Amino acid sequence: MTNPLTPPVPPRYEPMRGLALWGEEEKAAAVEVLESRSLFRYYGPALQRRVEDFETRFGALHEVPHVVGVSSGTAALTCALIGMGIPAGAEVIVPAATFIGCVSAVVAARGVPVFADIDESLTLDPAAWEPLVSERTFAVMPVHLNNAAADMDPILAVARKHGIRVLEDAAQACGVRYRGRPVGSLGDAGAFSFQLEKNITAGEGGAVTTGDPLVHDRAARYQDQGGQFFTSRGGERGGTEGGPFLGANLRMTEIAGALLSVQLDRLPPMLTRLRDIARTIRKELSDLDVTWRALPDEEGSGGDLTLLTENRMAARRVVTQLTAAGVPAATLYQGRMVYQNPAVHSGRTAWDTEWTPPSRLRTSEALLGRSVTVALGATMTDDDVAHVIDSLRAALVPAGAAEGAR
Ligand SMILES: Cc1ncc(COP(=O)(O)O)c(C=O)c1O
């Protein structure tokens, strides 16, 4: 049987971002940490403070005063919710088209997910979630999907009106901006992932960003067993200040911190290049009647190239044609909403059933099913870009129409 994840033709270019740019600098940074034998962020024989340096530099780039490096994006979301002080059983509104980690994080923080519609931006519909607000709602989690920002201004306005916290999931959008400001700096907190496919990567990793010192303090404590080392700033052990509480171990390693600091330097030029590539491709195809995904701020995007076909069948045909031409393309999340995952649908968690099955959001399902995204890679050449343009043109113009146009 053929593996449905393996395209018949190998992709013509590596559809990776930070990973595609890995080089000698990453290797040297990792070796330096190995040679110091200080792989733990809070102490070691010759501590390099690589995670701390990364947090400082990440904060500067994202224009926030507080950053906590953690072990994954899911850990970052969990720490941010706990940092905000989520009460047990409180609801968090999440877009129905997202990664399962959003749901896992809400559950890990003892919250209950509530699923909201997306719009043609394929992210949270700013108007759709307000009716879902109840006295149990604690936070809303806009997801900056596929390197493009959600429409934050109206989301923030509704959240302020109802006194709801805003946690930006920027896992897929590190370095992306919305109306001039970095994503992750707009709400009460942001969460980033540094998993293999992300804009910068250490294989695994995550970060919480916030402007609120209290959120920072609680998030930093939680990832460190409630503040075992964090509150003593890596010096003496056991110097916990304030009210201690139990946490988890979600700490980032020094190797990850070192790798991510190198990757961070590569990020701004990479995003500029990818944004230019996406713009060029859209411009070259402007004579065709293409419905591109609506981007609330195209200027700040990190090179999303996603279009909406007329229906699911058409999306499948376009994806098949593109992958056969060596262009890495897919329907986002294979057209499946996060609540269609069996565990999410039945509300099965590791400890108990937590919620009743969510009702289907058919407009959102139809939108996601119509999506075709072309993964742009950081090392794409101009020839690769030309190939994507030609392949998209061939896939989007039915053979008969192309004949007729001649
Ligand atoms: C939107 C979104 N949120 C959260 C996560 C979770 O990140 P991680 O895999 O690092 O836990 C991901 C990862 O793919 C993601 O895409």
Next item on the list: Six or more apart or on different chains, Cβ under 8 Å: which pairs go from a residue in the range 56-80 that's over 16 Å from P213 (Cα atoms) to one that's charged (D, E, K, R) and at pLDDT 95 or above? Could you list them?
Entry: V70/R251; S71/E204; S71/R251; S72/E204; G73/D169; G73/K198; L77/D169
Check: Take the residues of the range 46-67 that are touching a Ser or Thr at 6+ places or on another chain (Cβ under 8 Å) and hydrophobic (A, V, I, L, M, F, W, C): which is farthest from E254 (Cα to Cα)?
Finding: V64
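Can you name the residue in the range 147-201 that is among the polar types (S, T, N, Q) and assigned to a loop (DSSP other than H, G, I, E, B) and is also nearest to M252 (Cα to Cα) among such residues? Steps first, please.
The first filter runs over the range 147-201 and keeps only residues among the polar types (S, T, N, Q), leaving 147, 172, 185, 193, 195, 199, 201.
Retained after the next criterion (residues that are assigned to a loop (DSSP other than H, G, I, E, B)): 172, 185, 199, 201.
Details: Q172: 19, S185: 21, N199: 18, T201: 13 Å.
Per the stated criteria, the residue is T201.
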Notebook entry, point to check: Out of all the residues in the range 286-335, which are assigned to a strand (DSSP E or B) and among the β-branched types (V, I, T)?
Noted result: T291, T306
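The values are calculated or read from the model by the stated rules, or taken from the named source; none is laboratory data. It should be emphasised that the depicted structure is a prediction, and the values quoted were computed from it without experimental measurement. Cβ coordinates were reconstructed from backbone atoms using ideal geometry, including for glycine residues, and neighbour counts include every protein chain displayed.
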